[in-house]
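Below is one structure, written out as structure tokens; the observations come after it.
Computed from the coordinates by the stated procedures, all read-outs in this text should not be read as laboratory data. Source: prediction; values computed, not measured. Backbone-built Cβ (ideal geometry, glycine too); neighbour counts: all protein chains shown.
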Amino acid sequence: MATGNPTQAIQTNFGAIVQQGASTFAQNAERKRVQAERDYQKQLQFEDRYGIDESLFNLEDTEFRTVNDTTTEALSMARDRYYDVYKALQKDPTNLDLKKRLGKIKNSVTNIGMSHQKMQALGEDYLKKIQNDEISGVDEEDWQTKLEAADEGRVAINYDADDNMQFLFYDKDGKLADVKGYKELLSGSLVNKIDVDTEVNELVKNIGGFKQSTVEGEYIRTQNVYGEAQQTQVNEWLDSQLKDDDVMADMLNQVTGGESKKKEGFTEEEYNKVKGYVERQVQGKYKGEDTLSANQVALTNKRIAADREKTKAGKGSVSLSPSVDSDGQPLIDKDNNVEFSVSRKKSDGSNVPIEIKTDNSDIFVSTIKRDYNGRLSVEGNQRVKLAGTYKSRDEALKSAKEEFKGKSLRRITESATSKGTYYAVTEYSDSDETLINAVADQIGEGDYEQLRDKLDASFQERFNANYEPFISMPVPEITPQQRNPASIQDLTDEQKQAARAKIDSLRKQ
């Protein structure tokens, strides 16, 4: 009796197959849902931004259309509009709005021709960039769709309510894919692809000089590290580059693997995503290699010290000393500020104020003041260029008096090189810390605090004492009668002599 092979158990997991099929079906359904949502949002945008009617969302007979069909339709629409507006203008000949509309419609023929030339130029640029891999992924598919549509006649021209020409681009199924206004189309350009690796290499090259060195006995170890200085420069570079929407658009497209097609309206999160990506690329260029060299620290410090002295000497001979009154006593103003005179000696031996150039004027500082709390202020003149040109000095003076009303106008000077250009010189006082830092730098005293120390030292050297007793001295009591300038004439000679004696005794305390 013949025996057959034993029956094998079924190994196929039909449940898994069914589950996989269901999963694929669900994925396909989700993709269709997402695409339908995108199409719906695009239609809403077309309605809101361009006022496109639903009747234009689909284009019939796309297979048999040509560019000539598009032009013929546009001219026919323009002719109908022209006729309607012309008839309306006959009834209302003085209507300026109708005249403007008529002029805009008459330009339609020229505009259509210019748009065809623009599309041709964009097409040539597109092909060139595609061949050289120079076009950004932001535009590659988008403009390919538009250019193919233009080439195959899948374009319609529409006019909005204000007679502005619009170009409607359709896909191969006749569905509206994009809309461009006439001006928008003419100003359109292709976003260039950025070679991130080349840009990063150039950036690292520019900031690569920032190295970290430490002394190790007879050697100096230098490490090429990515630290705070490099990060600051990378951030500054990115901030300047990403201000350009085209640059930001392409960088975001690359960072997201081609997913982002945005060209404007970027979020802070997107900026940070691009910045983080570039920063990681830069960090990757730093290999962290160490190099050892002979210890030149002492020689370097000596050279730096010599350079500082040379720089300080190069600023010119500066005179900085306490101001004194006719009796040789420290000059103290009504607010108890000690006054110091400051000047620079020119090559001809004359002394001139310290000049500070700002964005709007030149400031000439001749006096520095220090109050009891250590705050500094400066006084002098300010030279400001008057706007416009003037026929005479009197005309310029009149304008300056009006512009600088309330300030003491010292003089008006005409430019030696530009006829009719005048400068006004006014009194000037300021306590701005940035300005005083600039004054300190000009006279070789470093910064605000170093300048203050210099003033204190010069006062001690001149009077062999600190200035505090003068600043904190009691203010002479003034009667209401003495506060009235008109009544000072009524004081007797004896009263005047007593007042002077009291002030002199207070100064000598």
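Points worth noting:
- Euclidean distance of C-alpha centroids, region 356-421 and region 79-153, integer Å: 55 Å
- Around the Cα centre of region 316-473, unit charges on the Cβ atoms of Lys, Arg, Asp and Glu (plus for the first two, minus for the last two) sum to a dipole of about 860 debye.
- Hz values of 3J(HN,Hα) by residue in region 51-56 - Karplus curve (6.51, -1.76, 1.60), Gly and Pro given as x: x, 6, 6, 4, 5, 9
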